[in-house]
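Heads up, the thing below is written out as structure tokens.
The values are calculated or read from the model by the stated rules, or taken from the named source; none is laboratory data. Worth saying up front: this structure is predicted, and the values here are computed from it rather than measured. Glycine gets a Cβ as well: all are built from the backbone with ideal geometry, and neighbour counts include every protein chain shown.
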Amino acid sequence: MCLLPGGVDSDCKVDVARSQVSKLRELGERLSNPVQAKSAETYVKDLSGLLDPMANPAGYRLCQDEAARAGAVEVLLHIVLAGQLDSLRSKGLECLARLCFGNAGAAEVLASSPDFLPALANATRQGAAPEKLSALQLAQAIAASSGDNARAVVPQLIAEATQFLSDNGNFEQLSQATLDLLVSCSFSNPAEVRDALDWEQLAALLSDGETRPSWLPLGPLEVLICGFLAVNWVTASADWASEPYASEVSQSLAAGQFLDHFDECLQAAVKRCTWPETSSAFHSPQRLAEVAKKLAGLGFRRQLISVLGPLVEVVEISTGDNAQSIALVALKDICADAHCLQSMLVLEDFRRGTLDALHRAGQDPAATDLTAYLEFVESAFVAGQSAKDQQQAYCPNAPTVLQLAELFGDLAPLDGKMLLSHLPHICAQVPLAPLVTVQTSLGTYSDDGLSLQSFFERVYGTPTILGWWPSLMEDAAAGAASIPGGLHRAAAVFEEAAEGRAAITIQAIHDVALPALEVQTEGIVVEIKFSELNDSAPLSFVAFARWISELFLDLAAAEAEAAAGA
């Protein structure tokens, strides 16, 4: 696995870089001379090597800075515009790309130059294939920068490049480089990328079938970057949640290996390693954190539970950039899922160390927001577990705190309130029956809704609150195993047949409940069981569940006896 070096350990080649820029400046007016042009090509090649992380791992960053200070941007742009040799112009573009790789300062200088876009246009429109490829790689380096000048030229970069998605002159690397460029542009200028790339084109890039472009391999890296493009494309608008293609993008990402690759890539990124291992691709932790946040919004929170650790590492290793803040926001968004939150709560070293220090420093609101969120929900979990533990001897079948939190989280933020209008839904999911009894028990409770802690305490009960589960469900749950569909099915059938009342009539059991449970109302076993209800008052849910459970046991026994007799 290749590790991205820091590039600041040795300045022994800085003077060489400055000297080469000076020599190239001297040759600038003599590029029409073939001999001088070849000399310039040699100097450009040597300078490019000094800026290459793999060729000069100890000092490439220092050489980038020194070359930029010496005017390399101006000199190289002149070579790209005035050079007579295709190879010289191509190497000049390549050298500019290496100068700007991960160097925001150099990228900003280049993006602000009035010669940059004309030089790029000349290369993409009139250059030979290798020159076009170098131009696209340079454009991608600029698009990957987060500076204002770089962002301002992105629309022009997109306009110059999109032609190669469909017309690459049998030079597939042009289309592949264009895809890389569009992915980078989609982080800073997603709306412009969306304008340039329609849904049919995006769907083809995501496809693994016949519609997939022939130039696009089906490897892990391609699956990953096409996924990035799709996520940024679909979340480009402010109201993306109602975006008609959002569900199709989500389904495509869920069906393939994108999420697995994303997890692997983020783990590699925090270690400054290439991903895939055999590639030369280094990925930005900040941009991966941005994608994690968007994926959470697209509904992939539970699937992102494995990236909590790497995101914590992003927070811990990032200083002086936006990666830390973006990772903190992503962590909070992912932890809207109860399972993810539970995994986050056990990371005590991070919470009491890095996160607490960031919160106390007060410099990043995202740290304070995450701290407050975790503390609030943790307090609710503790209170809920305490209430459950106190009832454990009497309610062994009660749902767990995590199960209740998951159901609550489907309806409201874990640090928010569930509206009372959601009671029918959540009572069906727990289950809790009869619904009318649950609603009545709240009395004049504020219509602001129930907090997570209040919901826990209402379900389990406290010394001052009669719990819904012990009073309504535990006795029914104890024998529900014999009912097809279990307790949930029994509660749903009861609510349907009782029509909003707290008890169910014998006639409703016969006419509605048994057909709903696919039980024939004729037959000796059913007749005997109904005879037990003669002159009986309407049944409570507990009594109904017990009666239904016994009926299914009797039916099973009769079926077994008949089979044995046969």
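Some points to look at:
- Criterion (farther than 22 Å from E378 by Cα and assigned to a helix (DSSP H, G or I)) met by exactly one of E474, E457: E474
- Flag if S252 is over 25 Å from F171 (Cβ atoms), hydroxyl-bearing (S, T, Y) and part of a loop (DSSP other than H, G, I, E, B): no
- Among the numbered conditions (1) assigned to a loop (DSSP other than H, G, I, E, B); (2) crowded, with 18+ Cβ neighbours inside 10 Å, the only one that Q363 does not meet is (2).
- Residue pairs whose Cβ atoms lie under 6 Å apart, separated by 6 or more positions or on different chains, with the first residue in the stretch 137-148 and under 13 Å from C185 (Cβ atoms) and the second among the β-branched types (V, I, T) and surrounded by 22 or more Cβ atoms within 10 Å (Cβ to Cβ), are A143/V154.
- Some residue of the stretch 343-353 being in a helix (DSSP H, G or I) and hydroxyl-bearing (S, T, Y): yes
- Among the residues of the stretch 219-234, not a single one is surrounded by 22 or more Cβ atoms within 10 Å (Cβ to Cβ), touching a residue at least 40 places away in the same chain (Cβ under 8 Å) and more than 19 Å from the chain's Cα centre (by Cα).
- Counted residues, the stretch 332-358 - those being surrounded by fewer than 22 Cβ atoms within 10 Å (Cβ to Cβ), touching a residue at least 60 places away in the same chain (Cβ under 8 Å) and not polar (S, T, N, Q): 2
- Cβ pairs under 6 Å, 6+ apart, first in the stretch 294-321 and over 15 Å from E264 (Cα atoms), second outside any helix (DSSP H, G or I) and of a type in the set (D, E): R301/D337; R302/D337
- Looking only at residues of the stretch 391-417 that are of a type in the set (A, V, I, L, M) and over 25 Å from the mean Cα position of the chain (by Cα), we find that the one that is nearest to G297 (Cα to Cα) is V401.
- Cβ-Cβ under 7 Å pairs, at least 6 apart or on other chains, the stretch 239-250 side among the hydroxyl-bearing types (S, T, Y), far side surrounded by fewer than 16 Cβ atoms within 10 Å (Cβ to Cβ) and not in a helix (DSSP H, G or I): S250/G299
- Some residue of the stretch 481-502 being in a helix (DSSP H, G or I), more than 21 Å from Q429 (Cβ to Cβ) and among the acidic types (D, E): no
- Checked against the criterion of being in the same structural domain as K91 (by TED's automatic domain parsing), more than 14 Å from E94 (Cβ to Cβ), among the acidic types (D, E) and in contact (Cβ under 8 Å) with a residue 24 or more places away in the chain, the candidates E41, E74, E26 yield just one match: E74.
- When we screen V109, V154, V73 for residues that are among the β-branched types (V, I, T), buried (at least 22 other Cβ atoms within 10 Å of the Cβ) and out of contact with any Leu (no Cβ under 7 Å at 6 or more places or on another chain), the only hit is V154.
- Matching residues, the stretch 173-204, being among the aliphatic types (A, V, I, L, M), within 21 Å of the chain's Cα centre (by Cα) and either farther than 29 Å from N149 by Cβ or assigned to a loop (DSSP other than H, G, I, E, B) (or both): A203
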